[in-house]
1. Considering the values (i) 37, 19, 12; (ii) 24, 17, 16; (iii) 22, 17, 15, which represents semi-axes √(5λ) of the Cα gyration tensor in Å as calculated for the structure under consideration?
2. As a test of the formula, what do you get for the chain when each DSSP H run with n ≥ 4 contributes -39,500 (n - 2.57) and the sum is divided by the residue count, at 222 nm and rounded to the nearest 500 deg cm²/dmol?
3. Would you mind working out the accessible area per residue for the chain, using a 1.4 Å probe, and quoting it in Å²?
4. Given Cβ point charges of +1 (Lys, Arg) and -1 (Asp, Glu) and nothing else, what value in debye, to the nearest 20, does the dipole of segment 60-116 about its Cα centre take?
5. Can you work out the FRET efficiency for the pair residue 131 and residue 32, with r the C-beta to C-beta distance and R0 = 41 Å, to the nearest 0.05?
6. Using only alpha carbon pairs under 8 Å that are at least six residues apart, calculate the relative contact order of the chain and give it in whole percent.
7. Which percent of the accessible area of the chain is formed by carbon and sulfur heavy atoms (probe 1.4 angstrom)?
8. Tell me the accessible surface of residue 79 in square angstrom (1.4 angstrom probe, heavy atoms of protein chains only), to the nearest ten.
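The values are calculated or read from the model by the stated rules, or taken from the named source; none is laboratory data. Fair warning: this is a prediction, and the values are worked out from it, not measured in the lab. Reconstructed Cβ throughout: ideal geometry from the backbone, glycine too, with neighbour counts over all protein chains shown. The area values use the complete protein model at the heavy-atom level, side chains included, leaving out ligands, DNA and RNA. Shrake-Rupley method; radii C 1.70, N 1.55, O 1.52, S 1.80 Å.
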Amino acid sequence: MPLIAQPLPLPGGALLARLHGINAEHGYLPEEALRGAADELQVPLSQVYSAASFYSAFSFEPRGRHTIHACQGTACYIRGGDKLLEKLEATLGVKAGETTADRLCTLETVYCVGSCSMAPVIRVDGDTYGRLKASHLPRILKKCRPIEEQEV
């Protein structure tokens, strides 16, 4: 018999499935929802936070409707990825890791998207754009503007 009672392991994937559900519903993992999941699954809140913080797919802060990943891997960096990131930060008015005030865009850095031959690369909502120059960004970022501002 253990000195400290331990909860039984959850059925395979139950916690991750619940985290994905919360993330899909809210776009991030709000504290109240995580507390509810811990109660529902009968696990310590620390276990929920441990799993949630392990995976980069989850965020504890509200995220934008669009996610922009600026690659800073070696090939992208030496081909101007750092300049693209600077231009993105200036254009969006946020630093990497932040979300615009209108919650339209979240800007993140990554260290390889597997498209080194197309460096420098950014990804917007999963679409990859390569061989970029800063002058290409306004066309790409049209996707991130509110619908009423987009050209018809």
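1. So the calculated entry is the one marked (i).
2. Theoretical 222 nm ellipticity from helices: -9500 deg cm²/dmol.
3. Accessible area per residue: 63 Å².
4. In total the dipole reaches around 140 debye.
5. 0.40
6. 19 percent
7. Here carbon and sulfur together make up 54 percent of the probe-accessible area.
8. 130 Å²
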